[in-house]
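A.B. asks: Below you will find the structure I want to go over with you.
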Amino acid sequence: MRPYSGEKLCAKCFTKSIEDKARATIANYKMFQHDDKIMVAVSGGKDSTTLLHILEKLEGNFPKSSLCAVTVDEGIKGYRDEALKFAVKNCRKLNVEHTITSFKDLFGVKLDELVKTIQKTRTDETRGLTPCAYCGVLRRRALNVAAREAGVNKLATAHNLDDETQTILLNLLHGDALRIARVNPVLAKNHPKLVQRVKPLCEVPEREIAFYAFQKRIKFQSIPCPYASTALRNDMRIILNRMEEKHSGTKFTLFKSIEKIKPALEKMANETKLRECKSCGEPTVDDICKTCQMLQALDVV
Ligand code: SF4
Ligand code: ZN
């Protein structure tokens, strides 16, 4: 296993080691081809802004490739509007073409408005769902649509090692162990309307990314989303961070252990053929996609 933390390196070598890790992950999982058209999902936070900077640097070595960025404005007052400014500034600085898309434009509703409706409408379908559950499903859709419309063939997201290990535990706690098979550095492209997603930072711990961003003086938004504390993910973060503090390497070991059993999980999880949603035409495993189901349950479409 590659050492992943605790190295005794000077600040300069440490930031280079993070770029090396991203480069190694990209190579190990064969994330990119030399002529890929890549779109980076940039929220304006430290992870995605760091990813943008690293990919912009790497992409310079491949003249046939191209890089652009997208930001999804979920409509979270006092949070996303500020993050958006950081995303715009960073893209401008790096001369990366930048698109902004929003929940309001795509779904006709802001996340803040959805949250108010969730609080008012407690139905069987919406019970137990947090703002993050809606946000995650809608953002994935928004990113895919933006990437498809931009004509790119790769969508790079800034999921880091912490995100990936939290997702593994969340799947277990939700009783959906086979879903772990989907926690992949490169997601399968199993429908023509889906743009392949890749996660170049999936083996880099969050705090190392933060260190990189500070060291490189990257400007990013640091205030947390007002809805973040409502998510079970937040509890997973606390548990894993405690474990990591006591037993250095816990997150990486968990990530790699799961990778070993993934082929068995993939065999058990029947490969579901994607079809098109009867309501919106986007790829889905059911007759009606999750996005439409969620919006219809709240009566906002
Ligand atoms: Fe969306 Fe939740 Fe992230 Fe906020 S914390 S941006 S609501 S997923
Ligand atoms: Zn749909």
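A short reminder: the numbers here are calculations on the coordinates, not readings from a lab. Computed from a predicted structure; not experimentally measured. We place every Cβ from the backbone using ideal geometry, glycine too, and count neighbours over all the protein chains shown.
A.B. asks: For V88, V115, what ranking results if the residue with the fewest other Cβ atoms within 10 Å of its Cβ goes first?
C.D. replies: Least crowded to most crowded, the residues run V88, V115.
A.B. asks: Rounded, prolate or oblate: which one fits segment 150-202, using the alpha carbon gyration tensor with axes a ≥ b ≥ c (rounded when a/c is under 1.5, else prolate when a/b beats b/c, else oblate)?
C.D. replies: Verdict is oblate for segment 150-202.
A.B. asks: A further question on this structure: Give me V72, V109 ranked fewest to most by other Cβ atoms within 10 Å of their Cβ, as a rough exposure proxy.
C.D. replies: Fewest-to-most Cβ neighbours within 10 Å comes out as V109, V72.
A.B. asks: Next question. Filter the trypsin sites (Lys or Arg not before Pro) in segment 44-93 to those in DSSP coil with at most 15 other Cβ atoms within 10 Å of their Cβ, and list the result.
C.D. replies: When the trypsin sites (Lys or Arg not before Pro) of segment 44-93 are filtered for loop state and at most 15 Cβ neighbours within 10 Å, K64, K77 remain.
A.B. asks: Please say if the chain is rounded, prolate or oblate, where rounded means a/c under 1.5 for a ≥ b ≥ c the square roots of the C-alpha gyration tensor eigenvalues, and otherwise the choice is prolate for a/b larger than b/c and oblate otherwise?
C.D. replies: The shape class here is rounded.
A.B. asks: So what is the 222 nm mean residue ellipticity for the chain from helices alone, if each DSSP H run of at least 4 adds -39500 (n - 2.57) and you divide by all residues, rounding to the nearest 500 deg cm²/dmol?
C.D. replies: -15500 deg cm²/dmol
A.B. asks: Next up: If you find the alpha carbon centre of segment 139-164 and of segment 94-119, how far apart are they in angstrom?
C.D. replies: Result: 15 Å between the Cα centres.
A.B. asks: What percent antiparallel are the DSSP beta bridges of the chain, to the nearest 5?
C.D. replies: 15 percent
A.B. asks: What are the residues whose amide H is under 5 Å from the amide H of I76, where those residues sit 5 or more places off or on another chain and H is modelled from the backbone?
C.D. replies: Placed amide hydrogens put D81 under 5 Å from I76.
A.B. asks: Applying the Karplus parametrisation 6.51 cos²θ - 1.76 cosθ + 1.60 with θ = phi - 60° to the phi angles of segment 101-118, what ³J(HN,Hα) value in whole Hz is obtained for each residue in order, glycine and proline being reported as x?
C.D. replies: Using θ = phi - 60°, the values come out as 10, 9, 4, 4, 5, 7, 10, x, 8, 8, 4, 4, 5, 4, 4, 4, 5, 4 Hz.
A.B. asks: With loop defined by DSSP as not H, G, I, E or B, and exposure as at most 12 other Cβ atoms within 10 Å, which is the longest segment of the chain clear of exposed GluC sites (Glu not before Pro)?
C.D. replies: My reading of the result: 8-270 is the longest stretch.
A.B. asks: For a quick check: with amide H placed at 1.01 Å from N, whose amide H comes under 5 Å from V40's, ignoring anything fewer than 5 positions away on the same chain?
C.D. replies: C68, A69, V70, A156
A.B. asks: Got a sec? How would T165, T25, T101 order by Cβ neighbour count within 10 Å, fewest to most?
C.D. replies: T101, T25, T165
A.B. asks: Using a/c under 1.5 as the rounded threshold, could you call segment 35-84 rounded, prolate or oblate? The axes a ≥ b ≥ c are square roots of the C-alpha gyration tensor eigenvalues, and prolate needs a/b larger than b/c, oblate otherwise.
C.D. replies: prolate
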